[in-house]
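Visitor: Structure incoming, see below.
The values are calculated or read from the model by the stated rules, or taken from the named source; none is laboratory data. These figures come from a predicted structure and were not determined experimentally. Here the Cβ is made from the backbone with ideal geometry for all residues, glycine too, and neighbour counts use every protein chain on show.
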Amino acid sequence: MNELVGGNAFSTAADAVEVDPLRDVDALQESQLLDSRVCNLTSTATLLFELRTSLQFDVGNSALLVVRGLRSFDWKSPVRQGPLAALTVVSSVPDRVGEFFRLRFGFFPEAHFAVTGELAEFYVLECEGIGDVPPDYSGMDLKQVQEALPSWSSACSLLQASRSR
């Protein structure tokens, strides 16, 4: 995963995505946001998604959304901390704001996120060793949940890719 994020060359070694979150509204519906990173040195934001719960993706078990030329990273959620739970996408909306690409998300439990940058890349991945179904958050502690999810250091294969225009 780190190789996809660290390089500035878009990977053409993968098939085109069948459903494209960079163009299609709600393409990431029911997927889960696992983590996000911002690198100030490269003006890059990266979001890591769980795809085993997704309504739209039949291939892959995880995905990366990489936003380059980052202009804004806006996260809003309630102050209260609830029990350990997946952050599930209920809406995803790609659009343009002038010359910039923007993606807005709504999540359950209640949270909202928007990211804007010069361009975005989306990668569908198959991570090794995480099984066919996501973990049951209610019956596990944080370490057990994390071991059953894709992570930044997961070994994975690149299946599909897309780039914003």
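Visitor: In this structure, does LEU125 turn out to be touching a residue at least 24 places away in the same chain (Cβ under 8 Å), among the hydrophobic types (A, V, I, L, M, F, W, C) and under 21 Å from GLN56 (Cα atoms)?
Guide: The answer is yes for LEU125.
Visitor: While we're here: Being touching a helix residue (DSSP H, G or I) at 6+ places or on another chain (Cβ under 9 Å) and in a loop (DSSP other than H, G, I, E, B), is that true of even one residue in the stretch 39-46?
Guide: yes
Visitor: In the list LEU103, LEU149, LEU158, which residue meets the criterion of being touching a residue at least 24 places away in the same chain (Cβ under 8 Å), surrounded by 13 or more Cβ atoms within 10 Å (Cβ to Cβ) and within 17 Å of VAL25 (Cα to Cα)?
Guide: Only one candidate passes the filter, namely LEU103.
Visitor: All but one of (1) at pLDDT below 95; (2) over 19 Å from PRO134 (Cα atoms) hold for ALA86; state the number of the condition that does not hold.
Guide: (2)
Visitor: I would also like to ask the following. Only one of (1) of a type in the set (Asp, Glu); (2) in contact with a Leu (Cβ under 8 Å, 6 or more places away or on another chain); (3) over 21 Å from SER162 (Cβ atoms) fails for GLU147. Which number is that?
Guide: With respect to (1) of a type in the set (Asp, Glu); (2) in contact with a Leu (Cβ under 8 Å, 6 or more places away or on another chain); (3) over 21 Å from SER162 (Cβ atoms), GLU147 is out only on (2).
Visitor: Now for a separate question. Do we find a residue being over 16 Å from the mean Cα position of the chain (by Cα), among the hydrophobic types (A, V, I, L, M, F, W, C) and either in a loop (DSSP other than H, G, I, E, B) or modelled with pLDDT of 95 or more (or both) anywhere in the stretch 61-79?
Guide: Looking for residues that are over 16 Å from the mean Cα position of the chain (by Cα), among the hydrophobic types (A, V, I, L, M, F, W, C) and either in a loop (DSSP other than H, G, I, E, B) or modelled with pLDDT of 95 or more (or both), one finds at least one in the stretch 61-79, hence yes.
Visitor: When the residues of the stretch 85-100 are filtered to those that are crowded, with 16+ Cβ neighbours inside 10 Å and hydroxyl-bearing (Ser, Thr, Tyr), which remaining residue is farthest from MET140 (Cα to Cα)?
Guide: Restricting to residues being crowded, with 16+ Cβ neighbours inside 10 Å and hydroxyl-bearing (Ser, Thr, Tyr), the top hit is SER92.
Visitor: A further question follows. Is there a residue in the stretch 68-75 that is aliphatic (A, V, I, L, M) and touching a Leu at 6+ places or on another chain (Cβ under 8 Å)?
Guide: no
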